[in-house]
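Below: the structure, in structure tokens.
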Amino acid sequence: MEKFIVSKGEISPARLERIKSCFKLLKTKRNEILIEYDQVCKYYYFINSGCIRLFTSTKDGSDSSRYFAFEGNFATALPSFIDQKPAEEYLQTIEKSELLYISRKDFYHLVDTIPEFSKIYTEILELGFITAQKRIYGFQGFDAMEKVKWLIEYQPQLLLRVSNRMVASYLGISPSTLSRVKSKL
């Protein structure tokens, strides 16, 4: 995380230490649930290694993946984290992961007292918004082949590290369709 924060701009060693002191280490197993559906989100996670997925589950038990975060990125159930209402999604590690987490109270304290951290938060929100918009508008009218080509261009790591089932749910296609499309590329 230190590398991430320092790369985002000049920050004094004292402020960097203050930021680092607010984060705690969490090592997880593969497929560990960090936030359950209907649980209030209390933490923001930074991924040192591994991957986190944000997903919803339908009544028939199928998953719909909404977001993936890899090393060097932050992840949380943001609506619940912000408004402290129950999450309408799950947050899960899909690989053995090493995470740094910060409580909501400490997170907002850093946002309010350290301008560099506030800037990082703004960048996280902007990047998340842009990624979501590209996915939403990019997928409108796309067939399965175009969706996979979009993924190769904008989020190629998903095809390398995430199961076909999860990628297919992210793209809104069936796993068999994803396999068929991948075989044609």
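The values are calculated or read from the model by the stated rules, or taken from the named source; none is laboratory data. Note that the structure is predicted; figures quoted are calculated from it, not measured. Here the Cβ positions follow ideal geometry from the backbone for every residue, glycine too, while neighbour counts run over all protein chains shown. With ligands, DNA and RNA removed, areas are computed over all heavy atoms of the protein, side chains included. Shrake-Rupley method; radii C 1.70, N 1.55, O 1.52, S 1.80 Å.
Observations on the model:
- When each of Leu99, Leu25 is tested for being aliphatic (A, V, I, L, M) and open to solvent by less than 70 Å² (accessible area, probe 1.4 Å), the lone residue that passes is Leu99.
- Count of residues meeting criterion [in a loop (DSSP other than H, G, I, E, B) and among the hydroxyl-bearing types (Ser, Thr, Tyr)] in the range 62-94: 2
- Scanning the range 74-88 for residues being within 26 Å of Ser62 (Cβ to Cβ), in contact with a helix residue (DSSP H, G or I) (Cβ under 8 Å, 6 or more places away or on another chain) and open to solvent by 10 Å² or more (accessible area, probe 1.4 Å) gives a total of 4.
- Take the conditions (1) without any contact (Cβ under 8 Å) to a residue 60 or more places away in the chain; (2) open to solvent by 70 Å² or more (accessible area, probe 1.4 Å); Arg66 misses just one of them, which is (1).
- Condition met for Val181 (in a helix (DSSP H, G or I), surrounded by 14 or more Cβ atoms within 10 Å (Cβ to Cβ), hydrophobic (A, V, I, L, M, F, W, C) and touching a residue at least 60 places away in the same chain (Cβ under 8 Å)): no
- Among the conditions (1) out of contact with any helix residue (DSSP H, G or I) (no Cβ under 6 Å at 6 or more places or on another chain); (2) in contact (Cβ under 8 Å) with a residue 24 or more places away in the chain; (3) outside any strand (DSSP E or B), Lys59 misses just one, which is (2).
- Val148 at pLDDT 95 or above, touching a helix residue (DSSP H, G or I) at 6+ places or on another chain (Cβ under 9 Å) and either open to solvent by 50 Å² or more (accessible area, probe 1.4 Å) or among the hydrophobic types (A, V, I, L, M, F, W, C) (or both): no
- When the criteria are applied in full, Pro156 meets the requirement of being open to solvent by less than 70 Å² (accessible area, probe 1.4 Å) and without any contact (Cβ under 8 Å) to a residue 12 or more places away in the chain.
- Filter pass, Ser118 being out of contact with any Phe, Trp or Tyr (no Cβ under 8 Å at 6 or more places or on another chain), farther than 24 Å from Cys51 by Cβ and open to solvent by 80 Å² or more (accessible area, probe 1.4 Å): no
- Number of residues in the range 151-163 that are touching a helix residue (DSSP H, G or I) at 6+ places or on another chain (Cβ under 9 Å) and under 21 Å from Glu89 (Cβ atoms): the value is 5.
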